[in-house]
Amino acid sequence: MPKVDSVQRGSHAGVSYNLSKKVDKEQVENYKKIRFFSFMDFKRRGNSPFKLILDDVQKLASENSENMLRICINSIGSPVWYTENFSEDILNFLARLKAIVRCNENVVCLLTMPLNLLNLIDDQLIYRIRKLVDINVNLESFDDVDKQTNAVFKQYHGLLHLKKLQSLTALQSHKPDSFDLAFKLKSHRFVIEKLHLPPELQDTNEQTMSCATTGGGGNKALDF
């Protein structure tokens, strides 16, 4: 969300939708510009899923010349992906995938990864992965009871942590005004805003205590 104007009215930028409505399944399946690949399809074809996906991505990228090709690969690092040398395989996969995307200017690839599982495999793996990707955004959902009841996060559904921003054709990456972002899901909009912390409120029942020594010198006790 951009900055509010002088009269403090919120912006309406972005795409509007309605979560209460459903798209007919047949309508999506019959739309020729959308193609779906199931992980189980790759498993049935044998060999490593990383190699099969790279081959399919390379084929799709070579066939695409005019339109923007958006590739989404979900939950890389979940148990179904595990191999004997998973840490090396996934790094090699990301390096080759990045090369394919670089050679095709109309290709954009979005990956999602469960960080909690990757950290169990290798606590340094996520830092190596972050070096290979162009943009890294961590999404933290407020499924924790403590955060749900916290007044600071009451109006939001989660946080967005900007870990890395793209720095292509530039000496350094863009630095936004704030790296502390929060999101909330509405029925017609997914809103991302700067995280504004409320002012610290003092407890009205708080009592102050002071102590001072009595005058006159000598060994006298402190008066409270």
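Structural remarks
- Carbon plus sulfur fraction of accessible area for the range 55-128, probe 1.4 Å, in percent: 48
- The calculated P(r) of the range 96-184, using every Cα pair and 5 Å bins from 0, goes 3, 10, 17, 19, 19, 16, 10, 4, 3, 0 in percent.
- Sequence-distant residues sharing a close amide H with Asp180 (under 5 Å, placed H): Leu195
- Averaged over its residues, the range 84-156 has an accessible area of 65 Å² per residue, based on protein heavy atoms and a 1.4 Å probe.
- Annotation: amide H of Cys109 within the under-5 Å range of Ile71, sequence separation 5 or more or interchain, hydrogens built in the peptide plane.
- Cα-Cα over 19 Å, subset of Lys154/Lys186; Lys98/Lys194; Lys98/Lys164; Lys33/Lys164; Lys22/Lys184; Lys21/Lys186: Lys98/Lys194; Lys33/Lys164; Lys22/Lys184
The values are calculated or read from the model by the stated rules, or taken from the named source; none is laboratory data. Everything numeric in this text was worked out from a predicted model, so none of it was measured. Side chains are part of the model used for accessible areas, which takes the heavy atoms of the whole protein and leaves out ligands, DNA and RNA. Shrake-Rupley method; radii C 1.70, N 1.55, O 1.52, S 1.80 Å.
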